[in-house]
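Everything below concerns the one structure shown next.
No value in this document is a laboratory result; all are computed from the given coordinates. Just so it is clear, the structure is predicted and the values come from calculations on it, not from any experiment.
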Ligand code: SF4
Ligand code: SF4
């Protein structure tokens, strides 16, 4: 049951996701609050001998806000999708009353996985193939790396 709750409809294992119960959002919120409290944005706009790089402060704030807001404390299955928003894969499974894509015979040709490929490569489909063969608990013990850059 633990594996099922942690495994999204698409075959990814949420606890391996970079956003899941992450620390960077906590640090980013704290840094953002501190910088706001000392009005660092105003400091960054003034020409000064310190920090040519502060000219890019607005871009930094955009990234800092994104870091602060991409915290995810629930898995896809328990939270209703990433940040509570169902994706096409989840909607498709629910419409067909599938527990996950492992109940489907069209995994190989399904194009709904394109949104995951730049970050996860073939991992979701490979996990689904493992679930089809070995069941969810055993498959998740031997799941693939979440991101394409992980060795
Ligand atoms: S629901 Fe989405 S964002 Fe949250 S941990 Fe799972 S894959 Fe990551
Ligand atoms: S068509 Fe099949 S493999 Fe594709 S998203 Fe729907 S259930 Fe998953």
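Counting pairs of alpha carbon atoms under 8 Å apart in space and at least six apart in sequence, what relative contact order in percent does the chain give? Walk me through the intermediate numbers first.
On the way: 152 pairs, mean separation 49.4, N = 151.
That works out to 33 percent.
Given the options 76, 120, 110, state which has the largest fluctuation in a GNM of the chain using a 10 Å cut-off (strictly under) for Cα springs.
For the chain, modelled as a Gaussian network with Cα springs under 10 Å, the answer is 110.
Please report Rg (one decimal) and Dmax (integer) in Å for the Cα set of the chain.
19.9, 64
By how many degrees, between 0 and 90 and to the nearest 10, does the Cα long axis of helix 123-134 differ from the longest principal axis of the chain?
30
Work the Kirkwood hydrodynamic radius out for the stretch 39-80: mean of 1/r over every pair of different alpha-carbon atoms, inverted, in Å.
That comes to 12.6 Å for the stretch 39-80.
Can you tell me the orientation of helix 57-69 relative to the chain, as the angle in degrees between its alpha-carbon axis and the longest Cα principal axis, to the nearest 10?
Relative to the chain, helix 57-69 is tipped by roughly 40 degrees.
What's the angle, to the nearest 10 degrees (0 to 90), between helix 24-37's Cα axis and the longest principal axis of the chain?
Once rounded, the angle reads 20 degrees.
To the nearest 500 deg cm²/dmol, what mean residue ellipticity at 222 nm is calculated for the chain from DSSP H runs of n ≥ 4 alone, each contributing -39,500 (n - 2.57), summed and divided by the residues?
-13000 deg cm²/dmol
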